[in-house]
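Engineer: The structure is given below, and queries will be raised subsequently.
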Amino acid sequence: MESNIEAALEMVSLDRFRPHVKTNKILEVCKILKNKGVTKFKASTISELEMLGMIDAKDVLLAHQLTPLKMERFINLSLKYPNTKFSCVFDNYENLVCFDDFLDSYDFKQDIFIDVNVGMNRTGLPCNELIVFFQKILKLKNINIKGFHIYDGHIRETNIDKRNEIVKEVFNQAYLQIEMIENLHNCKFQIVAGGSPSFSVHSQNSRVECSPGTFVFWDWKYSRLFPDLKFECAVYIISRVISILDSKTICLDVGHKAVAAENPFPRLKFLNFPEAKSIMQSEEHLVIEITDTSNIKIGDVLIGIPDHICPTIALHENIHVIENNVYVYDWNIIARKRKINI
C-alpha cells in the first residue's frame with residue numbers, strides 16, 4: 001500500500017494530488033496519506049467527509065451534489081471541524097438556490113465546484129452549458145465558485161497511447177469553456193479531473209488536480225486493464241473450503257456478502273489456484289472448478305485478489321494489516337457506515 005502511494009507521488013506533485021478516499025474508507029490510511037504531505041482529498045459520502053475532518057485534513061471536496069436532506073449535515077461538519085475546508089459539487093441551479101437560501105440561516109459562505117459531464121453521463125453539466133450556469137451562480141450571495149470537477153470513469157482504453165488521445169479529446173471542449181470563463185473574469189480556477197485509469201494522462205497536465213482512488217489498494221480488474229500503471233494489489237480476501245463436490249469442484253465461504261458482485265466472473269483471482277474457474281456464487285458461497293481436488297481438505301485457505309476493490313472494502317468492518325508476512329493489527333473501515341456521528 002505504501003509503495004502504491006509512493007508511486008503515485010512520483011507521478012504528480014503534492015500540490016496537484018487530491019486522492020479519493022472512497023476506496024479505502026479507513027482513518028489510518030488517510031493519516032498515512034496526510035503524513036506523506038497530502039493536504040487535499042476527495043470523498044463521496046458525508047461519513048467520508050467526517051473521517052477526513054477527524055484527521056484535520058486541510059481541503060476536502062465532496063464529489064456528490066448535496067440534496068436538501070444532506071445540506072444540514074454538511075454545514076454541521078464545517079462547524080464541527082473548522083480546521084478542514086469542505087467544498088462540494090453542483091450541476092443544478094435550482095438546488096444551488098436552495099443551498100444558498102439554507103446558508104443564509106448560518107451566515108455562511110460556501111466554496112463549490114461546478115460538476116462537468118464529458119461522457120460519463122451520470123452527473124454534471126454538458127460543456128456547452130457551463131458559461132450560462134457560471135453566470136447564473138454569480139447572482140447567489142453565499143456561493144463562491146472555486147473550480148470545476150470532471151470525472152471520466154467511462155474511459156477504459158487499455159492502450160496507453162489511445163487512452164491519452166481519448167482523454168485529451170473528450171476534455172478539450174471542457175477546457176475551452178473553462179478558459180473562456182477565466183478570460184472573461186480574469187482569474188484561474190481549480191480543475192479536479194479523472195480517477196485512477198486516467199491518472200497517468202492528467203498527471204501530465206499542470207492545470208489539473210488528479211484524484212485517483214483505487215491506486216491505494218489496486219485490484220485485479222485494473223491490473224488487467226491498465227498494465228502501464230505500476231501499482232500493486234495490496235488487499236486480499238481470505239476464504240476457506242467448506243465443501244468438496246467432486247474431483248474438480250469445491251465450494252468456498254466467500255459469497256456476495258464478502259466480495260463485490262456487480263461484475264461478471266471472475267470476481268476473485270486466487271493466488272494459489274490461478275486456473276480456478278468460478279461456476280456459481282450466492283450470498284455465502286462460491287463454487288469454483290480447479291484442476292484436481294484430491295489434495296484439498298475442508299478448511300483449506302484460498303487467498304484471492306478482488307476484481308473490484310472499492311465496493312468490496314465497504315462490505316467489511318475491519319481490514320487485517322500484514323507487515324513482513326506477520327499480522328500486526330486491525331484497521332476499522334470507519335467510513336463504510338452511513339453515519340459516524342453527524
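The values are calculated or read from the model by the stated rules, or taken from the named source; none is laboratory data. Not measured: the values here are computed from a predicted model. So basically every Cβ, Gly included, is an ideal-geometry build from the backbone, and we count neighbours across all protein chains shown. Heavy atoms of the whole protein, side chains included, go into the accessibility calculation; ligands, DNA and RNA do not. Shrake-Rupley method; radii C 1.70, N 1.55, O 1.52, S 1.80 Å.
Engineer: What relative contact order, as a whole-number percentage, does the stretch 12-63 give when Cα pairs under 8 Å and 6 or more residues apart are counted?
Structural biologist: 39 percent
Engineer: Accessible area per residue of the stretch 259-341 at 1.4 Å probe, in Å²?
Structural biologist: The answer is 59 Å² per residue.
Engineer: List the residues whose amide H sits under 5 Å from the amide H of I333, counting only those 5 or more places along or on another chain, with H placed 1.01 Å from N in the peptide plane.
Structural biologist: Hits under the 5 Å cutoff: N318, I319.
Engineer: Just need the relative contact order of the stretch 94-194 here, percent rounded to a whole number, with Cα pairs under 8 Å and 6+ apart.
Structural biologist: After rounding, I find 31 percent.
Engineer: Please give, to one decimal in nm, the separation of the simple spin-label points placed at S206 and T39, each 7 Å out from Cα toward the Cβ.
Structural biologist: That separation, rounded to one decimal, is 1.9 nm.
Engineer: Could you name the lysines whose alpha carbon sits less than 24 Å from that of K34, not counting residues in the same chain fewer than 8 places away?
Structural biologist: K22, K25, K42, K58, K80, K85, K146, K230, K337, K339
Engineer: For the chain, what value does the Rg/Rh ratio take when both radii are computed over Cα atoms and Rh is the Kirkwood radius, given to two decimals?
Structural biologist: 1.02
Engineer: Now for a different question. Spin-label point model (7 Å from Cα, Cβ direction): what's the K85 to N121 distance in nm?
Structural biologist: With each label placed 7 Å out from Cα toward Cβ, I get 3.7 nm.
Engineer: May I ask you to compute the full-extension gain from E10 to I160, defined as 0.36 nm times their residue separation minus their alpha-carbon distance, rounded to one decimal in nm?
Structural biologist: 52.2 nm
Engineer: Right, another one. Would you mind pulling out the separation of the Cα centroids of the stretch 213-231 and the stretch 22-97, in Å?
Structural biologist: Centre-to-centre (Cα) distance: 25 Å.
Engineer: Please report the relative contact order for the chain, taking Cα pairs under 8 Å with a sequence separation of at least 6, and give it as a percent rounded to a whole number.
Structural biologist: With pairs under 8 Å counted, the relative contact order is 17 percent.
Engineer: For Y106 and Q173, calculate 0.36 nm times their separation in residues minus their Cα-Cα distance, and state this gained length in nm to one decimal.
Structural biologist: Separation in residues times 0.36 nm, less the Cα-Cα distance, equals 20.4 nm.
Engineer: Suppose R0 equals 51 Å. What FRET efficiency, 1/(1 + (r/R0)^6) with r the Cβ-Cβ distance, do K230 and V97 give to the nearest 0.05?
Structural biologist: Efficiency computed from Cβ-Cβ geometry: 0.65.
Engineer: Please find the FRET efficiency linking D330 to C187, where r is the Cβ-Cβ separation and R0 is fixed at 45 Å, and quote it to the nearest 0.05.
Structural biologist: Calculated value: 0.45.
Engineer: Hey, another quick one. Using a probe of 1.4 angstrom, how much of the accessible area of the stretch 109-175 is carbon and sulfur, in percent?
Structural biologist: 48 percent
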